[in-house]
Amino acid sequence: MDTDTVRSPAPDEAAGRRREQRGWYFYDWACSVYSTSVLTVFLGPYLTSVAEAAADADGFVHPLGIPVRAGSFFAYSVSLSVILAVLVMPLAGAAADRTGRKKPLLAAAAYTGAAATTGMFFLGGERYLLGGLLLVVANAAQSVAMMLYNSYLPQIAPPEERDAVSSRGWAFGYAAGSLVLVLNLVLYTGHESFGVSEGMAVRVCLASAGLWWGAFALVPLRRLRDRRAPAREAALPGFRQLAATVRDMRRHPLTLAFLLAYLVYNDGIQTVITQASVYGSKELGLGQSTLITAVLLVQVLAVAGALALGRLARRYGAKRAILGSLAAWTLTLAAGYFLPAEAPVWFFVLAAGIGLVLGGSQALSRSLFSHLVPPGKEAEYFSAYEVSDRGTSWLGPLLFGLTYQLTGSYRDAIISLVGFFVLGFVLLARVPVRRAISEAGNPVPERI
């Protein structure tokens, strides 16, 4: 009888953890459509065309009186959204850890982003400033929500499960992105048969991503649960909280070293994601249907790639798998510089290469970092991680935008990003991850 009393909670605990994990996957399912349909496919070329319609004879728009080349406006808007996220994420992360109430904060961020994305339906004519504002709000909200979402990983998965759970989350997201992109492709290519203009079709695709985001966010908000937090001091404002978190990380210098490496190589990844469609449409002269098909190919292969790299991580360790993906990123991006214009087949080959490494490199980075977080500081440390994930990703778009503004060449802009992957590889290779996990106070998995 006593033995039964001791052992009976274990199945209930395991079942509860599985239920939370399944709910957790669905936030990737909900929000990845924004990343795919809005940020990667439609908004870049569309907002650029809106800015070009509002530009002067020299091709410049003048937000707040500042001369900006219309082709750089989207990249600069992404950078501004990330700076806003940097101000908000550390405060939200510290508040989540100190109160233990992540779900209300996650809900607020998710529905702010979903509402701003849905509002993109009204982007038309020469309303480039409205488009920039909605992008800034939606992208910053997405960053805050992802920080809170990621911070659940060490709480819902024991160390030996994290690579697999993180990879499944990314796979769910890419599956959703693929499904919605198929629907987008049907609407966009057949817009005349549906009785709508091409611009209206794009605006419907943008708004539908916001509706999808808001609808499916209900699943994780029902299944994830808040944990009681220990009593701690009050949260600090924005940059002060981030500075306090970084000071705390100085007691874990190897965790900080991993974040530095991730900051660098993920900046390159995020910039490729946001600028690839602009490169394809403006430099390679590819049509929107070709771009949608290419991104759909990325999404489908990213599902397989995330799961495959997860299996490789179980065999060879997450660090080796990430390093391999960074080498592949470098070769793929360098090849992109030489792509001939108006050659969809070669663009599809490039998309296939990106898809195979995209999901795995992100999923394994997330799970590896979860081992480096001191217990009880998940959201606070993941706010710094999200600053590296999206928060400092203004550097890549800024470099991309400046390179184009100075040279007028998107090829020069895309090749400028190779350095992020090379330097990130070197920095990550120098991090002794087993010792880093041990010094963070966590159990070291058999293979990492």
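The values are calculated or read from the model by the stated rules, or taken from the named source; none is laboratory data. The shown structure was predicted, so the numbers you read here are calculated from the model rather than taken from an experiment. As a convention, Cβ positions derive from the backbone with ideal geometry for all residues, glycine included, and neighbour counts pool all protein chains shown. What goes into the accessible areas is simple: the full protein's heavy atoms, side chains included, and nothing from ligands, DNA or RNA. Shrake-Rupley method; radii C 1.70, N 1.55, O 1.52, S 1.80 Å.
Against the list (1) more than 21 Å from residue 396 (Cα to Cα); (2) open to solvent by less than 20 Å² (accessible area, probe 1.4 Å), the condition residue 132 fails is (1). Of all the listed residues (43, 87, 106), the sole one being modelled with pLDDT under 85 and of a type outside the set (Phe, Trp, Tyr) is 87. Applying a threshold of 6 Å to beta carbon distances and a minimum spacing of six or more residues, or different chains, the list of pairs starting in the stretch 176-203 at a residue that is over 26 Å from residue 302 (Cβ atoms) and ending at one that is acidic (Asp, Glu) reads 191/198.
The single condition among (1) part of a loop (DSSP other than H, G, I, E, B); (2) open to solvent by less than 20 Å² (accessible area, probe 1.4 Å); (3) more than 27 Å from residue 75 (Cβ to Cβ); (4) at pLDDT below 85 that residue 376 does not satisfy is (2).
Counting only residues that are in contact (Cβ under 8 Å) with a residue 40 or more places away in the chain and either under 27 Å from residue 151 (Cβ atoms) or open to solvent by 40 Å² or more (accessible area, probe 1.4 Å) (or both), the stretch 44-76 holds 3 of them. Screening residue 442 against (1) surrounded by 17 or more Cβ atoms within 10 Å (Cβ to Cβ); (2) in contact with an Asp or Glu (Cβ under 9 Å, 6 or more places away or on another chain); (3) outside any helix (DSSP H, G or I) leaves a single unmet condition, (2).
Would you mind stating whether residue 308 is crowded, with 21+ Cβ neighbours inside 10 Å and more than 24 Å from residue 135 (Cα to Cα)? So residue 308 does not fit the description; no.
Mind listing just one residue for me: the one in the stretch 93-103 that is part of a helix (DSSP H, G or I) and at pLDDT below 85 and, of those, surrounded by the most Cβ atoms within 10 Å (Cβ to Cβ)?
Checking each candidate, the answer is 93.
The residue list 270, 275 contains one member that is open to solvent by less than 10 Å² (accessible area, probe 1.4 Å), within 20 Å of the chain's Cα centre (by Cα) and over 19 Å from residue 448 (Cβ atoms), which is 275. The single residue among 323, 291, 286, 339 that is in a helix (DSSP H, G or I) and open to solvent by 10 Å² or more (accessible area, probe 1.4 Å) turns out to be 323. Just one of (1) modelled with pLDDT of 85 or more; (2) out of contact with any Asp or Glu (no Cβ under 9 Å at 6 or more places or on another chain); (3) assigned to a helix (DSSP H, G or I); (4) over 20 Å from residue 273 (Cβ atoms) fails for residue 113. It is (4). Checking every residue in the stretch 298-319 against the condition of being in contact (Cβ under 8 Å) with a residue 40 or more places away in the chain, closer than 21 Å to residue 404 by Cβ and in contact with a Lys or Arg (Cβ under 8 Å, 6 or more places away or on another chain) gives zero matches.
Of the residues making up the stretch 390-404, one or more are open to solvent by less than 10 Å² (accessible area, probe 1.4 Å), within 22 Å of residue 152 (Cβ to Cβ) and part of a helix (DSSP H, G or I). Screening residue 108 with (1) closer than 18 Å to residue 151 by Cα; (2) crowded, with 17+ Cβ neighbours inside 10 Å gives one miss only, at (2).
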